[in-house]
Amino acid sequence: MDCGTCETSSPVQLMTPEVVDVNLSISNKAQEMLSDAFGDDRSMALLVGVLSGGCSGYMYDLQIVEETDQNCQEITVDGFKVLVPNASSHLLDGIEIDYVDRLMGGGFKINNPNAESSCGCGESFS
Amino acid sequence: MPLVAYPDAALTIWQGKDALKFIDGLSTNKMVDLEKGHLIQTVFTSSQAKIIDFVTVFHMGEVLAVQCHQSKLHNLLNHVLPRILSQDVSITDVTERNQFAIEYGVTNEHIGTFVSLSNVTYGHTESNMNIVIASKENSFEYTGTANEFDSWRIENLVPWNNHEITTKNHPLAAGLGQFVHPAKGCYIGQEILARMVSRGRQGKNLVRCKNTEVDDKLITTRGEIYSLGIVRPNQ
């Protein structure tokens, strides 16, 4: 087998999506839950990203981070520092971060106007 | 054992720390436990659970070599490339540097592994076949024909690309059920396949049948007396 990795074969050109300036909102309930999670330390940031996978092809990725090596745009929403990777900005513009308070299937939810469909658990969209 | 040409094969190299997890998230088999020196076969499926391509992933250590098919490569890349986003994955097409063959009717003692001998890689698969990949500098001596290979496939109920493995079929109908992991996480098409399995309603099945017993249009690989076909249980 000739992998060609040490020679001249160049990678298949990635389909780089257009970077958009993301606007997003956080519901009152989600703000309450984020305040509990952050405490008084507002040096941390909420990373809102997208990974491949899930039943519908894309999965949301929510993390509280100090920093990230991803190329991100930093926005402040209702006092929270939010990081959105540029690579997935086209999928996240206009989203609302919500919190659903119920015993089964509860937790943070993303309401995404860009999603054509989403799977039953709400973690995945296309 | 007979060696036949595999003209529709393609080879891509997937690099980056997220490559294995990336394939795992988009295909039917469980990839994340794959170790260096091992291979695994998996199916990329659409949101309707139809086959995009059936691939063999060789874990080479630093990189993954993914043997796919030239006739499906364009659609496969269109499916995966927009989903890389910020993950560390890059894909290189090295098909032109390699040639491909199938050694069939073998008894593989080490299924799921591969060896490289004199720059020729032999991937030991579940179907009593070796996928043989060599750089263009090597030369293969074919000892079997495509017709003989088809006869062997009919006898052993082995599905093949562009016969049973087409974009019109889902993996269960095409005889690729052993490559659909029953308990891995979500991937595109998983809900449909899981529902088919749990309800026992997968619709069509790959069968070996007498030519006189099925409608011509259901035959996917035609033999002299017996053929392979994808049929509903009452057909």
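The values are calculated or read from the model by the stated rules, or taken from the named source; none is laboratory data. No experiment lies behind these values; they were computed from the predicted model shown. We place every Cβ from the backbone using ideal geometry, glycine too, and count neighbours over all the protein chains shown. Heavy atoms of the whole protein, side chains included, go into the accessibility calculation; ligands, DNA and RNA do not. Shrake-Rupley method; radii C 1.70, N 1.55, O 1.52, S 1.80 Å.
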key: Options B:N156, B:N161, B:N147, B:N169: the member that is touching a His at 6+ places or on another chain (Cβ under 7 Å) and on the phi < 0 side of the Ramachandran plot   = B:N161
ask   = Just checking, how many residues over segment B:40-55 are among the hydrophobic types (A, V, I, L, M, F, W, C), touching a Gly at 6+ places or on another chain (Cβ under 7 Å) and open to solvent by less than 10 Å² (accessible area, probe 1.4 Å)?
value = 1
message = For segment B:61-96: of the residues being crowded, with 19+ Cβ neighbours inside 10 Å and charged (D, E, K, R), which is farthest from the other protein chains (Cβ to nearest Cβ)?
response = B:K72
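Okay, residues lined up against (1) modelled with pLDDT of 90 or more; (2) in contact with a Ser or Thr (Cβ under 6 Å, 6 or more places away or on another chain); (3) small (G, A, S):
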| site | (1), (2), (3) |
| --- | --- |
| A:I26 | yes, no, no |
| A:A37 | no, no, yes |
| A:L46 | yes, no, no |
| A:G49 | yes, yes, yes |
query = Considering only segment A:67-93, how many residues are open to solvent by less than 40 Å² (accessible area, probe 1.4 Å) and not in a strand (DSSP E or B)?
reply = 6
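Looking at B:N162, is it modelled with pLDDT of 95 or more and either farther than 23 Å from B:I219 by Cβ or open to solvent by 10 Å² or more (accessible area, probe 1.4 Å) (or both)?
Working: modelled with pLDDT of 95 or more: yes; either farther than 23 Å from B:I219 by Cβ or open to solvent by 10 Å² or more (accessible area, probe 1.4 Å) (or both): yes.
So B:N162 passes the test.
Just need a number here: residues in segment B:15-33 that are more than 29 Å from B:A146 (Cβ to Cβ) and open to solvent by less than 20 Å² (accessible area, probe 1.4 Å). First the steps, then the outcome.
Here is the first cut: in segment B:15-33, the ones more than 29 Å from B:A146 (Cβ to Cβ) are B:15-26, B:30-33.
Now restrict to residues that are open to solvent by less than 20 Å² (accessible area, probe 1.4 Å): B:19, B:22-23, B:25-26, B:31.
Of the residues in that region, 6 qualify.
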inquiry  = Going residue by residue through segment B:177-200, is there one that turns out to be more than 23 Å from B:V80 (Cβ to Cβ), at pLDDT below 95, among the basic types (K, R) and assigned by TED's automatic domain parsing to the domain that holds B:S151?
reply    = yes
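With the requirement that a residue be outside any loop (DSSP other than H, G, I, E, B) and hydrophobic (A, V, I, L, M, F, W, C), what does segment B:100-118 give you?
Initial filter on segment B:100-118 (outside any loop (DSSP other than H, G, I, E, B)): B:100-104, B:113-117.
Passing the criteria: B:F100, B:A101, B:I102, B:F114, B:V115, B:L117.
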